[in-house]
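So the structure is just underneath, and the comments pick up after that.
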Amino acid sequence: MSGFAGGAREGAGSCLWVKASLYIHIPFCASKCAYCDFFSVPTSVPTNAASTIIDEYLEALYRDIESQLIFFKIDCVPSIYIGGGTPSLLGGKRIAALLSFLNFAKKTDGGTCELTVEANSESLSEDFIQGCVEGGVSRLSIGVQSLNDASRRAVARRGSSRRIIENIKFLQNKPAALDISFDILSGLPYQHKEILLHDIETLLAFNPAHISLYDLMIEGGGLSGAMLEKLPAGEVKEKMWIAGRDFLESAGYAQYEVSNFAREGKRARHNIRYWMMENWIGCGPSASGTIIDDERGTAIRYTTRHNIFYAPPPLRQTIEHIDRETLLKETLMMGYRYIDGPDEALFKKRFSCTLESVIPKTIAAWRATNFYSETKNTLTPKGLLFLNQFLLDCFDELSRGECGTSSRCR
């Protein structure tokens with residue numbers, strides 16, 4: 001990492017050094033869900049052995065966060081996201097201690113630092129919520145996934161729908177400053193459209209600011225053959241998700257990314273920074289960070305090894321140097337997930353060319369189908385349903401050699 005010169009240098013009146021978001025991974029789960037591909041280790045929190053491991057992990061995590069902020073000369077942190085795993089397994093005291101430690105990192109350029117913490121609905125507790133509130137959390141992202149017990153059992157998801165509703169009721173007296181987001185899965189075994197819509201309707205009664213509606217992806221062969229047979233068929237699955245999308249939009253939640261819906265002014269700023277390919281650092285096992293050199297249009301990405309007993313850098317990381325062509329493709333791949341499309345000013349600054357000059361044929365062809373906006377560089381809501389094909393067309397056009405070898409790009 002020490003060989004990387006550059007980063008996102010901000011102009012006068014903004015950040016002095018590097019502006020980057022911070023992702024923190026909490027790698028503990030009560031058990032592993034069948035569809036999950038994130039790194040986690042099983043733990044039962046009340047046991048003494050588990051408590052010791054968690055406390056030792058957090059001490060190492062504090063050192064990791066501090067060292068990375070110093071190493072990358074990060075002087076501006078517009079957003080922090082604590083994910084997992086299951087951060088809610090930390091309980092109230094531990095999450096409060098972590099949030100207190102992070103106070104030194106919340107340096108912004110005049111705005112507020114968005115602070116998000118993930119929680120599982122089955123391990124949500126009053127003391128955890130209180131710890132989040134006292135620690136200044138602005139968003140609590142709660143993984144519900146499904147309120148249908150048969151679907152939950154099929155994917156090895158702990159907890160019953162009854163227990164989940166009881167836990168979510170802890171949020172009824174939350175302060176107005178704390179926004180709630182729910183994660184919901186579509187396409188689960190034993191699920192059909194009416195079940196999905198009932199789940200959404202039930203959760204909307206708790207007045208969330210944000211909803212993530214994900215289409216189930218099975219990673220690593222986690223479902224048995226019997227359970228695979230219970231999955232909705234392809235066309236049924238697609239129609240189910242679209243029905244969920246339409247229901248959310250009719251309830252006042254606007255789609256602003258492929259799988260994300262929010263009320264006015266409640267978009268997740270941390271996630272938008274990912275989609276815009278802006279800097280972030282990752283702390284904890286399996287976490288990755290990306291620091292971009294805007295002057296060269298290149299980046300460095302590092303990923304921490306999958307081990308909760310991790311050593312200080314650089315021993316614990318794999319390093320990937322991202323060339324300009326790869327960064328350009330990633331910028332398209334992430335940016336077009338967002339309803340407003342890639343950040344055009346940032347794109348031109350990085351690559352010294354415009355979107356229209358890089359993929360003119362693809363843009364023209366998709367505009368002709370009404371899947372691409374006539375007024376800005378973004379897919380229409382209907383076009384987002386075909387994002388993968390759009391990106392294949394983009395990459396095919398790029399592969400023909402224009403970008404990076406002609407006057408289109410420097």
Filter result (within 25 Å of residue 276 (Cβ to Cβ) and over 16 Å from the mean Cα position of the chain (by Cα)) within the range 17-34: 17, 18, 19
Considering only the range 259-268, I want to know if a residue exists there that is surrounded by fewer than 22 Cβ atoms within 10 Å (Cβ to Cβ) and among the aliphatic types (A, V, I, L, M). no
Those residues that are touching a helix residue (DSSP H, G or I) at 6+ places or on another chain (Cβ under 8 Å) and of a type in the set (A, V, I, L, M, F, W, C), I need them from the range 114-149; list them, please. 115, 117, 119, 124, 128, 129, 132, 137, 140, 142, 144, 147
Does residue 354 qualify as being of a type in the set (Val, Ile, Thr) and without any contact (Cβ under 8 Å) to a residue 12 or more places away in the chain? yes
Selection from the range 119-153 of residues that are free of Cβ contacts under 8 Å to residues at least 40 places away in the same chain, more than 17 Å from residue 184 (Cα to Cα) and within 22 Å of the chain's Cα centre (by Cα): 136
Looking only at residues that are crowded, with 17+ Cβ neighbours inside 10 Å and in a loop (DSSP other than H, G, I, E, B) in the range 351-379, which one is modelled with the lowest pLDDT? 353
Which of the following residues is modelled with pLDDT under 90 and of a type outside the set (Asp, Glu): 193, 169, 237, 230? 230
Would you be able to tell me the number of residues in the range 63-115 that are more than 22 Å from the chain's Cα centre (by Cα) and of a type in the set (Ser, Thr, Tyr)? 2
Pull up the range 133-168, narrow it to residues that are part of a strand (DSSP E or B) and aliphatic (A, V, I, L, M), then point me to the one that is nearest to residue 79 (Cα to Cα). 140
Residues of the range 341-394 being of a type in the set (Phe, Trp, Tyr) and more than 24 Å from the chain's Cα centre (by Cα), in sequence order, are 351, 366, 371, 372
From the option list 278, 295, single residue qualifying as touching a residue at least 60 places away in the same chain (Cβ under 8 Å) and either on the phi > 0 side of the Ramachandran plot or surrounded by fewer than 17 Cβ atoms within 10 Å (Cβ to Cβ) (or both) is 295
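The values are calculated or read from the model by the stated rules, or taken from the named source; none is laboratory data. As the structure is a computational prediction, the values presented were derived from the model and not from experiment. With ideal geometry, Cβ positions are generated from the backbone for all residues, glycine too; neighbour counts draw on all protein chains shown.
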